[in-house]
1. Tell me, please, whether a residue that is within 26 Å of Q76 (Cα to Cα), without any contact (Cβ under 8 Å) to a residue 60 or more places away in the chain, basic (K, R) and in contact with a strand residue (DSSP E or B) (Cβ under 7 Å, 6 or more places away or on another chain) can be found in the stretch 163-178.
2. Restricting attention to the stretch 49-78, which residues are of a type in the set (S, T, N, Q) and either assigned by TED's automatic domain parsing to the domain that holds D196 or closer than 12 Å to N243 by Cα (or both)?
3. Here is a check on your reading of the model: is A303 of a type in the set (A, V, I, L, M), over 25 Å from A87 (Cα atoms) and surrounded by fewer than 17 Cβ atoms within 10 Å (Cβ to Cβ)?
4. So in the stretch 181-194, with the set limited to residues that are modelled with pLDDT of 95 or more and assigned to a helix (DSSP H, G or I), which one is surrounded by the most Cβ atoms within 10 Å (Cβ to Cβ)?
5. For the list (1) buried (at least 20 other Cβ atoms within 10 Å of the Cβ); (2) not assigned by TED's automatic domain parsing to the domain that holds D71, I need the number of the one condition that N158 fails.
6. What's the number of the only condition in (1) under 17 Å from G216 (Cβ atoms); (2) aliphatic (A, V, I, L, M); (3) touching a residue at least 12 places away in the same chain (Cβ under 8 Å); (4) out of contact with any Pro (no Cβ under 9 Å at 6 or more places or on another chain) that A279 fails to meet?
7. Every residue in the stretch 219-252 that is among the acidic types (D, E) and part of a strand (DSSP E or B), please.
8. Tally time: how many residues in the stretch 79-99 are in contact with a Gly (Cβ under 9 Å, 6 or more places away or on another chain) and either outside the structural domain of G136 (by TED's automatic domain parsing) or surrounded by 18 or more Cβ atoms within 10 Å (Cβ to Cβ) (or both)?
Amino acid sequence: MKMRSVYGMMVLLVCMVFLAGTAQARTWKISHVRPQGTAIDEDLRWFSTNLKEASGGKLKTKVYPASALGDYTVVQERVSLGAVDMACQPPSSSADKRFQLPYFPYMIKNWDHARKNYSAGAPMRETVAGLYKEQGIHLLAVWPVYFGGISLNTKPVNPGDPDAAKGIKLRVPPMKTFQMMADNIGYLGTPIPFSDAFTAVQTGVVDGVIGSGAEGYYSSFRDVTKYYIPANTHFEVWYLIMNQNTYDNLSDEKRQALDKTAAEFENRRWETAEADQKANEQKLVDYGATLVEFSDADVAKTADKIRKVVWPEILNDVGVEWGQSVLNRLIK
């Protein structure tokens, strides 16, 4: 009887080892939100190719563009559960309200300021990594996207004056941060899921979109963008994430290959992101949109109002003590 028990345990152990090896040998799925051929798609394909090479062919991935594996909010949950292996996308505040903090409007001033606060070891980077870890997700790298702006299908009204009532309806992401920002700079914010946003502008339900930047508007809204306002509303960062258990169960050799390739993926993007933003603004112009002047003085005036009116409300939403402690640690 004892011999059978020992034999059974040995069989079970062998099966577990086999399954673990199979899990590491299979091809990982990587999700992202943009169409095939966009900057993030090309960078993730670079990551996939170089990860396979760095790991000697032991780590293989397949890129799924255009939210093919689900909306980013759903994908984040699926990464947490291990149903999707990896993703590079914005964080979902529906999973944790504190994810609103990285989207604080007018928190980041310029590209240099962004890199100081989102590079490895930086305060905001560590804060976001901690939030992901609570959900069983490991943060591998950041992918800086752009400074946000406003896409309009109608002529702008006093765009540089945050106190002017504009009478323009804007689609906002279903996130309090963007709703309050739109409402407090003179627009009428209307929460609409991303999947319905283009049709909402096309049919006149709303007159434009806030919550993205030139890259996003050119990728998904160029046919309904007649005017683009580079208002620097927020700094957009996407995160290369993976299931924490999958990461923890890698051998040291595979983990080193993964970490190294992820760091290179991130550094390559920091070197090109600012130029990419300008290139996408020009793409909108070339496609027929008018680039609306938004001066440094306009940015300063708008930022001042947002910090006074919107920030306190969002801090209440995420927890004043926690949120303020994060803001206090930002590198100037």
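The values are calculated or read from the model by the stated rules, or taken from the named source; none is laboratory data. What you see is a predicted model; the values in this text were computed from it and never measured. Cβ coordinates were reconstructed from backbone atoms using ideal geometry, including for glycine residues, and neighbour counts include every protein chain displayed.
1. Scanning the stretch 163-178, I find at least one residue that is within 26 Å of Q76 (Cα to Cα), without any contact (Cβ under 8 Å) to a residue 60 or more places away in the chain, basic (K, R) and in contact with a strand residue (DSSP E or B) (Cβ under 7 Å, 6 or more places away or on another chain), so the answer is yes.
2. Here is the first cut: in the stretch 49-78, the residues of a type in the set (S, T, N, Q) are 49-50, 55, 61, 67, 73, 76.
Hit for the stretch 49-78 is Q76, nothing else.
3. Values: of a type in the set (A, V, I, L, M): yes; over 25 Å from A87 (Cα atoms): yes; surrounded by fewer than 17 Cβ atoms within 10 Å (Cβ to Cβ): no.
Here the answer is no, as A303 does not meet what is asked.
4. M181
5. Answer for N158: the failing condition is (1).
6. (3) is the only condition that A279 fails.
7. Restricting attention to the stretch 219-252, the residues satisfying the condition of being among the acidic types (D, E) are 223, 236, 248, 252.
Across the stretch 219-252, the qualifying residue is only E236.
8. Filtering the stretch 79-99 down to residues in contact with a Gly (Cβ under 9 Å, 6 or more places away or on another chain) leaves 79-82, 84, 97-98.
Still in the list and also either outside the structural domain of G136 (by TED's automatic domain parsing) or surrounded by 18 or more Cβ atoms within 10 Å (Cβ to Cβ) (or both): 79-80, 84, 98.
Going through the stretch 79-99 one residue at a time, the tally reaches 4.
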